[in-house]
Amino acid sequence: MKNTTNLKIYRRYAPIYDSLMRFWTAAPRRKAVELLKLKTGEQLLVPGVGTGLDLPNLPAGVCVTAVDLSPAMLQQARHKRQELVGFNVMDGQVLALPDGCFDALLLNLILSVVPDGPIAMQEAWRVLKPGGRIAIFDKFLPEGSRLSGFRRFAGWLIRQIGTDPNRRFREMIQNIPDALVPVDIPSVLYGQYRLILMIKPVATTK
Ligand SMILES: C[S@@+](CC[C@H](N)C(=O)[O-])C[C@H]1O[C@@H](n2cnc3c(N)ncnc32)[C@H](O)[C@@H]1O
């Protein structure tokens, strides 16, 4: 999906997104935040924050930077949390943020949406501090499975509504060979969605 297409699609979704998504994503969203083990005073980045369904789950005292391509989605997010949040319109593939400035990132339902998932992942990695954590709740093609004709067609249909079910997580991290992935577990919809935790190694000094 191109950014221009996503902007159109998510402008339309903005008023109804919470009604469509809140119920069935509530438990995995809470779990993704738990995986991060956030502490008071830590800096958290939420790229593609959307309408902010994750914001109420964040512990008090965490400093949140919430960015999204869509002003209409961000407008909804502003009502979800006022304390310690900065909201910015920004492309998750080109973050206007310095290297290594976040303790943690939350990447829920975004790698399957941005035009280039591996580039968005690389950007997330760049702004993460050594020792930092990334939690992901998203749908991915099961590792090792073949992309069948049916799945290809279903993928095309689903892309028309703004998300791609046929991306592989391993492709997302192809540019970051040092990524540690201590958690990668099936989640809702019979494991089509997964919960993943990544850790950025602390550089060793010789
Ligand atoms: C499926 S929604 C997920 C929103 C939120 N993360 C959630 O879990 O509900 C995808 C979001 O990604 C945003 N988005 C699409 N392309 C983007 C990009 N290039 N950079 C940042 N956000 C983008 C859309 O505007 C939308 O808000």
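Each value in this text was obtained by applying a stated rule to the coordinates, not by laboratory testing. Just so you know, these numbers come straight off a predicted model, no measurement behind them. Note that we place each Cβ from the backbone using ideal geometry, even for glycine, and neighbour counts take in every protein chain shown.
Miscellaneous remarks
- Global dimensions of the range 126-206 from alpha-carbon coordinates: Rg and Dmax equal 15.1, 52 Å.
- Of all DSSP bridge pairs formed entirely within the chain, close to 40 percent run antiparallel.
- For LYS200, the lysines whose Cα falls under 27 Å of its own Cα, not counting residues fewer than eight places away in the same chain, are LYS31, LYS37, LYS39, LYS129, LYS139.
- Contact order relative to length of the chain, as percent, for alpha carbon pairs under 8 angstrom and 6 or more apart: 20
- Charge-dipole axis of the chain as Lys and Arg at +1 and Asp and Glu at -1 on Cβ define it, positive-most pick from VAL94, ALA203, GLY41: VAL94
- Sorted peptide list for 141-147, 76-82, 31-37, criterion being average Cβ within 10 angstrom, highest first: 31-37, 76-82, 141-147
- Using the alpha-carbon positions of the chain, Rg (one decimal) and Dmax (whole number) come out as 16.2, 54 Å.
- Evaluating 6.51 cos²θ - 1.76 cosθ + 1.60 at θ = phi - 60° for every residue in the range 164-174, the Karplus couplings come out as 10, x, 10, 8, 9, 4, 4, 5, 4, 9, 5 Hz, glycine and proline recorded as x.
- Placing a pseudo-label 7 Å from each Cα along the Cα-to-Cβ vector at VAL188 and ILE119 gives an inter-label distance of 3.0 nm.
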